[in-house]
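A.B. asks: Structure in structure tokens, see below.
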Amino acid sequence: MCGIVGYIGHRQAYPVVIKGLKRLEYRGYDSAGVALLNHGLKVYKKKGKVADLEDSVVGLDLGGQVGIGHTRWATHGEPSDRNAHPHYSASGQLAMIHNGIIENYAQIKEELQHKGYTFKSDTDTEVLLNFIEEIRNNNECSLEEALRIALRRIVGAYCILLVDAADPDTILAARKGSPLVIGIGKGEHFLASDASPIIEYTKEVVYVNDYQIAIVRADELILKNLGNEKQTPFITRLDMELAAIEKGGYEHFMLKEIHEQPQTIFDCLRGRLLPESGMITMGGVENHLESLIHAPRIIIVACGTSWHAGLVAEYLIEELCRIPVEVEYASEFRYRNPIIHPGDVIIAISQSGETADTLVALENAKEKGAFIFGVVNAVGSSIARLSHAGAYTHSGPEIGVASTKAFTGQLAVLTMMALKMARAKGTVSDERYRTLLHELHAVPEKVAAILKDTASIKAIAEKYKDASDFLFLGRGYNFPVALEGALKLKEISYIHAEGYPAAEMKHGPIALVDEKLPVVFVATRDRFYEKIVSNVQEIKARKGRIICIASEGDSTIPSMADDVIFVPDADELVGPMLSVVPLQLLSYYAGLAKGYDVDKPRNLAKSVTVE
Ligand code: G6P
């Protein structure tokens, strides 16, 4: 949540910061702002997207070689010019941007109010900034020292950048719980919430750790802990190309990312899945195979789309490995004092690796002695670093707010993992194992076949775009796909949609069915095929409008449906990687037809670093 950018060096800061903010807009986009150190401290901010900020500053003096910028996802205070970051301190000497939530801000605000402070915004950020300034004034100490004292008092999560008109050669930064990367150039430094604003200038970066403060100057980077001890910056080389974060000719990132899936799934399998030799190579799994296969229980912790990948993994692991699996919403898991037995394994699934609910749930579980295996996309992210072991999904940067290629990447990793564990445990037959290796290997090509002709999916989306509600139904491995289809439609087209196990219809939701309600069945040929045919009949008898995802060559389901989207035949264990693709496209085209910003749907943000 919230994107943070900073620059200090020999270039003009404003263009670097604005470009960086556009790259981070997926993190929040209800207001944006910059602070520039240019013969004094100047702040420009505006409700709306980064483009609105740009429009509002045309003709102004935007010079200066030091700048910080912010794109906001509102927590404290409505989206507005006055709540936009950066915030000035009471004296106007300091400006700060912040990603995260200061939980004890109300108490600090009250203390400050007693001392006569007034506030221009409703944000927790302005409270923290004035708190820092108050400490500096009271203790007559440096800003760095005041920052350290303040950070020791506050509860919550933060990544902050702080500038001082009296020290125009320094940016102070600090993090706890919200990400911060610093790019190292020649006589310049770049600061950002992720590497995407940095990649075109340098590939050398330092990931700042929790409870570290960075003192950043054009030619100097000092890291310290909150006890004022210097810490050696650990420089990492980014393995990412600029092209990966650009649209590459597609109208939207979401469409690009949907179309990238044959390649991203292939990249995920590459070097790991060796169907000819019957092998799966996954270092993270191999090194901990005994703990994994003898786990009395596996708990999967995730949010959103990643949680849906977790549901598919539950089916896979229980079926193939015969280990009981529970799939937990991270936000619930973390607060209910969960029971964790010795030997329990937690699989954390996260695209960004920064989702606050997942991260804190894992920290708690780790403290209780659980073994954490991370299935993460963003390399070097907080969840990746917190995990004892893991496997990256290698899906590349996902920028569209709705998750698409990360989901299929997660499924590819989890399927390989389940197969590898089952093989080691002896719970899968040789023949089944080999069949599934070949089935998995064939997935990228089958996804490419689905993507060859998307015109019919676009037409269906346009036909039903004005519906006020949708139902998505599936059974077995296709049940989580139905949930994911419903989530995608909600996110992108703002149409109310619900996902259900198809057999659950008769226990309530069928009351909703009338001649206006589109019902999407994920009804590919699997062990539930006959059953789902009956479920389709039940909806048809009540005049619902039936859209089916069906297997190529099937004629029964299509004969009952109003509209059909075919996907190649596949084993049901790998089927979700195929059947979800038309649903991603359906929501994309529905959002597009309704004129919405599909890459930045309202109220959402991609990386949810607040709880
Ligand atoms: C947000 C995003 C979703 C995502 C969820 C979990 O809500 O909008 O697309 O599925 O967070 O994110 P993660 O990065 O942990 O997978």
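The values are calculated or read from the model by the stated rules, or taken from the named source; none is laboratory data. Just so it is clear, the model here is predicted, and its values are computed rather than measured. Counting neighbours? That spans all protein chains shown, and the Cβs are built from the backbone with ideal geometry, glycine included.
A.B. asks: Looking only at the stretch 348-359, filter to residues that are near the ligand (Cβ under 6 Å from one of its atoms) and among the small types (Gly, Ala, Ser); which one of those is surrounded by the most Cβ atoms within 10 Å (Cβ to Cβ)?
C.D. replies: Ser350
A.B. asks: Run down Ile258, Ile299 and say which single residue is β-branched (Val, Ile, Thr) and more than 26 Å from Leu359 (Cβ to Cβ).
C.D. replies: Ile258
A.B. asks: Identify the residue in the stretch 432-449 that is farther than 20 Å from His259 by Cα and of a type in the set (D, E, K, R) and, among all such residues, is nearest to the chain's Cα centre (by Cα).
C.D. replies: Glu439
A.B. asks: Count, please, the residues in the stretch 577-602 that happen to be closer than 16 Å to Ala412 by Cβ and under 20 Å from the mean Cα position of the chain (by Cα).
C.D. replies: Residues meeting the conditions: 4.
A.B. asks: Just give me the residues in the stretch 593-605 being more than 14 Å from the ligand (Cβ to nearest atom), more than 8 Å from Ser493 (Cα to Cα) and crowded, with 16+ Cβ neighbours inside 10 Å, in sequence order.
C.D. replies: Ala593
A.B. asks: Hand me the list of helices (runs of 4 or more DSSP H) wholly inside the stretch 286-367 holding 2 or more residues that are under 27 Å from Gly426 (Cα atoms) and touching a helix residue (DSSP H, G or I) at 6+ places or on another chain (Cβ under 6 Å).
C.D. replies: Counting at least 2 such residues, we get 289-293, 304-321.
A.B. asks: Hey, another quick one. Give, as residue ranges, the helices (runs of 4 or more DSSP H) completely inside the stretch 423-516 that count at least 1 residues that are among the small types (Gly, Ala, Ser) and within 20 Å of Leu255 (Cβ to Cβ).
C.D. replies: 443-452, 455-464, 478-493
A.B. asks: Continuing with the same structure: Name the residues in the stretch 386-402 that are in contact (Cβ under 8 Å) with a residue 60 or more places away in the chain and farther than 23 Å from His252 by Cα, would you?
C.D. replies: His388, Ala389, Gly390, Ala391
A.B. asks: Shifting gears a bit: Could you tell me how many of the residues in the stretch 375-392 are near the ligand (Cβ under 10 Å from one of its atoms) and more than 16 Å from Asn287 (Cα to Cα)?
C.D. replies: Counting residues in the stretch 375-392 that are near the ligand (Cβ under 10 Å from one of its atoms) and more than 16 Å from Asn287 (Cα to Cα) gives 5.
A.B. asks: Looking at this structure, is Glu103 in contact (Cβ under 8 Å) with a residue 12 or more places away in the chain and within 26 Å of Thr170 (Cα to Cα)?
C.D. replies: Spelling it out, it is not the case that Glu103 is in contact (Cβ under 8 Å) with a residue 12 or more places away in the chain and within 26 Å of Thr170 (Cα to Cα).
A.B. asks: Where the second residue is part of a loop (DSSP other than H, G, I, E, B) and among the hydroxyl-bearing types (Ser, Thr, Tyr) and the first is within 19 Å of Asn337 (Cβ to Cβ) and lies in the stretch 366-381, which pairs have Cβ atoms under 9 Å and are six or more apart or on separate chains?
C.D. replies: Correct list of pairs: Lys366/Ser387; Ile372/Ser387.
A.B. asks: Can you confirm whether the stretch 577-588 contains a residue that is more than 16 Å from the ligand (Cβ to nearest atom) and of a type in the set (S, T, N, Q)?
C.D. replies: Among the residues of the stretch 577-588, at least one is more than 16 Å from the ligand (Cβ to nearest atom) and of a type in the set (S, T, N, Q), which makes the answer yes.
A.B. asks: What pairs come up if the first residue lies in the stretch 347-361 and is in contact (Cβ under 8 Å) with a residue 24 or more places away in the chain and farther than 15 Å from Gly100 by Cα, the second is more than 6 Å from the ligand (Cβ to nearest atom) and of a type in the set (Phe, Trp, Tyr), and their beta carbons are under 6 Å apart, counting only those six or more places apart or on different chains?
C.D. replies: Ile347/Phe373; Ala361/Phe333
A.B. asks: Let me ask another. Check Ile198, Ile108 and return the single one that is part of a helix (DSSP H, G or I) and modelled with pLDDT of 95 or more.
C.D. replies: None of the other options fit; the residue is Ile108.
A.B. asks: Can you pull out the residues in the stretch 15-49 that are farther than 21 Å from Glu200 by Cβ and either of a type in the set (Val, Ile, Thr) or assigned to a strand (DSSP E or B) (or both)?
C.D. replies: Answer for the stretch 15-49, where residues must be farther than 21 Å from Glu200 by Cβ and either of a type in the set (Val, Ile, Thr) or assigned to a strand (DSSP E or B) (or both): Ser31, Gly33, Ala35, Leu37, Leu41, Lys42, Val43, Tyr44, Lys45, Lys46, Lys47.
A.B. asks: What are the residues in the stretch 360-372 that are surrounded by fewer than 24 Cβ atoms within 10 Å (Cβ to Cβ) and within 15 Å of the ligand (Cβ to nearest atom), if any?
C.D. replies: Of everything in the stretch 360-372, those that are surrounded by fewer than 24 Cβ atoms within 10 Å (Cβ to Cβ) and within 15 Å of the ligand (Cβ to nearest atom) turn out to be Val360, Glu363, Ile372.
A.B. asks: Something else now. Only one residue in Val401, Val345 is more than 14 Å from the ligand (Cβ to nearest atom) and touching a Leu at 6+ places or on another chain (Cβ under 7 Å), so which one is that?
C.D. replies: Only one candidate qualifies: Val345.
A.B. asks: Considering (1) surrounded by 18 or more Cβ atoms within 10 Å (Cβ to Cβ); (2) closer than 30 Å to Glu491 by Cα, say which one Gly284 fails and leave the rest.
C.D. replies: Single failed check for Gly284: (2).
A.B. asks: For Tyr329, are the conditions met, namely being within 13 Å of the ligand (Cβ to nearest atom) and either under 22 Å from the mean Cα position of the chain (by Cα) or not hydrophobic (A, V, I, L, M, F, W, C) (or both)?
C.D. replies: yes
A.B. asks: How many residues are surrounded by fewer than 23 Cβ atoms within 10 Å (Cβ to Cβ) and in contact (Cβ under 8 Å) with a residue 60 or more places away in the chain if we restrict to the stretch 74-100?
C.D. replies: Count: 3.
A.B. asks: Moving to a separate point now. Taking the stated definitions as given, is Phe472 touching a Leu at 6+ places or on another chain (Cβ under 9 Å), under 24 Å from Leu311 (Cβ atoms) and either in the same structural domain as Glu319 (by TED's automatic domain parsing) or of a type in the set (Phe, Trp, Tyr) (or both)?
C.D. replies: Here the answer is yes, as Phe472 does meet what is asked.
A.B. asks: Follow-up question, since we're still on this one. Just to be sure before I move on: is Ile546 in contact with an Asp or Glu (Cβ under 6 Å, 6 or more places away or on another chain) and more than 27 Å from Ser306 (Cα to Cα) in the structure I sent?
C.D. replies: Yes: the conditions hold for Ile546.
A.B. asks: Determine which member of the set Ile235, Ile265 is in contact (Cβ under 8 Å) with a residue 24 or more places away in the chain and surrounded by 14 or more Cβ atoms within 10 Å (Cβ to Cβ).
C.D. replies: Going through Ile235, Ile265 in turn, just one is in contact (Cβ under 8 Å) with a residue 24 or more places away in the chain and surrounded by 14 or more Cβ atoms within 10 Å (Cβ to Cβ): Ile265.
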